[in-house]
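The values are calculated or read from the model by the stated rules, or taken from the named source; none is laboratory data. Fair warning: this is a prediction, and the values are worked out from it, not measured in the lab. Note that each Cβ is placed from the backbone with ideal geometry, even for glycine, and that neighbours are counted across all protein chains shown. Accessible surface areas use protein heavy atoms only, side chains included; no ligands, DNA or RNA. Shrake-Rupley method; radii C 1.70, N 1.55, O 1.52, S 1.80 Å.
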Amino acid sequence: MDDRRLETIIGRLLQTGVLLAAAVVAAGGALYLVQHYADHVNYRHFAAGGPAVQTLSGIIQSAAHLNSEGLMQIGLVLLILTPVARVMMAVVGFLLEKDRLYTVVSLIVLLILTFSLIHAT
């Protein structure tokens, strides 16, 4: 594998991730409009989503039941995971190229990203 091929693969991965995330968010938004078109909106008080869309397991279960808010959240999770997948692909590509320095740097970046996502509040 050479640098040009790795760049092409990573570019396609980023495009696919962003387009998939946008499609899922758009589908969730359309479903939300269908399900809640007649709801009264109160702009005086902000109400955060319930516990079903505040944890990863809750988001997955909510989306599996075709809850519109869960689908939109899954789209956002996909968008967040796209750069993580990019770094993972870079690690694999640099391993295949036998480039130790960039493999180690990419692994450090991956560890930082993973730590940040796990410990986010």
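Give the residues of the stretch 96-115 that are outside any helix (DSSP H, G or I) and either within 29 Å of Val24 (Cβ to Cβ) or open to solvent by 70 Å² or more (accessible area, probe 1.4 Å) (or both), sorted by residue number.
Lys98
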Starting from the stretch 100-121, keep only residues that are farther than 15 Å from Met89 by Cβ, then list their pairs with residues that are open to solvent by less than 70 Å² (accessible area, probe 1.4 Å) and assigned to a helix (DSSP H, G or I) whose Cβ atoms are within a distance under 7 Å, requiring at least 6 positions of separation or different chains. none
Given the conditions (1) touching a residue at least 40 places away in the same chain (Cβ under 8 Å); (2) assigned to a helix (DSSP H, G or I), report the number of the one that Met1 does not fulfil. (2)
Quick one: which of Gly93, Gly28, Gly75 is surrounded by 11 or more Cβ atoms within 10 Å (Cβ to Cβ), in a helix (DSSP H, G or I) and more than 19 Å from the chain's Cα centre (by Cα)? Gly93
Scan the stretch 32-64 for residues that are over 26 Å from Ala120 (Cα atoms) and either open to solvent by 100 Å² or more (accessible area, probe 1.4 Å) or at pLDDT 90 or above (or both) and report the count. 7
Whether any residue in the stretch 35-47 is assigned to a helix (DSSP H, G or I) and closer than 13 Å to Val77 by Cα is what I want to check. no
Mind checking which residues of the stretch 48-66 are in a loop (DSSP other than H, G, I, E, B) and not small (Gly, Ala, Ser)? Gln54, Thr55, His65, Leu66
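Test Gln15 against the criterion of being part of a helix (DSSP H, G or I), more than 26 Å from Met88 (Cβ to Cβ) and open to solvent by 60 Å² or more (accessible area, probe 1.4 Å), and give yes or no.
Working: part of a helix (DSSP H, G or I): yes; more than 26 Å from Met88 (Cβ to Cβ): no; open to solvent by 60 Å² or more (accessible area, probe 1.4 Å): yes.
So Gln15 does not fit the description; no.
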